[in-house]
Amino acid sequence: MDIDISGARILIQIPELGGFMLTETVVVTWVVMLVLVLCCRFMTKNLQVHPTQKRQIVAEWLVTSVRDLVQTNMGARYADTWYVPFIGAMFALSAGCSLSSLVGAYAPTSDLSTVLGWALFVFALITWTKIKTNGLRGYLRDFTTPIPIMTPFNIIGEIATPVSMAFRHFGNIASGSVITALVYGALTALSGLILGLLPGAAGELLSQIPVFSFGLPAILSLYFDFFSSVLQAFIFCMLTMMYVGGAASTGE
């Protein structure tokens, strides 16, 4: 997988439209969203009061699980609000974008602009919650606590929230791909070096086959592409709930 901190490869660029660019990040993200919408449509079709279909049972279990997660981390007052579908959609989109690498697609979460956009949206939500809870004057007054001289440090700490969320998510997904590629390259070189020591045509032939690279890179890829993808999506959602829940409780 190609990793580029500035974004994925450009698929289409139209100078006539102000330099409009269509990248792999945009295409894969929209494909993932389309798949999620179709899955939701399938699982919620012909709902029944007393579910008998497996897809409705699974759908209700997913909704209940997300609701319980929100209630546990944000409080009971948020259990029946729009935060439940928001957290569920964020987790599904994040995990889906990361898991797209399993089918050979470019993972949008390997593009810093993707997770930074999510982090900035969460930061706006945190700020809105603080202002709603404490008022604009109370929000600004918090920057001067415990003493006014701490104001610059409090501002830096506030800005660090979306930056840390974005780089944590991006760094874990991108580093997994880099580690897998480095291990694959090292094992391929080692295979060529050792098998090349065999005499005659056999050594020349076998040195071109990356025998040592079979197995381990696949296991690492499965770990980083599956387990780490789901874990980072969960962590991002947990941080969102903790930050928003903390912002809502500052005025209590």
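Each value in this text was obtained by applying a stated rule to the coordinates, not by laboratory testing. Being a predicted model, the structure only gives us computed values, none of them experimental. We place every Cβ from the backbone using ideal geometry, glycine too, and count neighbours over all the protein chains shown.
In table form, for the structure just shown:
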quantity	calculated
Estimated distance in nm for a label pair at Thr151 and Leu22, the labels positioned 7 Å out from Cα along Cα-to-Cβ	4.9
Kirkwood hydrodynamic radius (C-alpha pairs) into Stokes-Einstein, segment 89-198, 37 °C and 0.692 mPa s, D in µm²/s	190
Proximal lysines to Lys45, defined as alpha-carbon separation beneath 19 angstrom and excluding residues fewer than eight positions away on the same chain	Lys54
Segment 19-171, Cα convex hull volume normalised per residue, Å³	169
Net lengthening on full extension, Ser228/Ala181 (0.36 nm per residue, minus Cα-Cα)	15.3 nm
Contour minus Cα-Cα distance for Ile235 and Arg77 (0.36 nm per residue)	54.7 nm
Stretchable slack from Ser164 to Val31, in nm (0.36 nm times residue separation minus alpha-carbon distance)	45.2 nm
Ranked packing of 64-77, 118-131, most packed first, by mean Cβ within 10 Å	118-131, 64-77
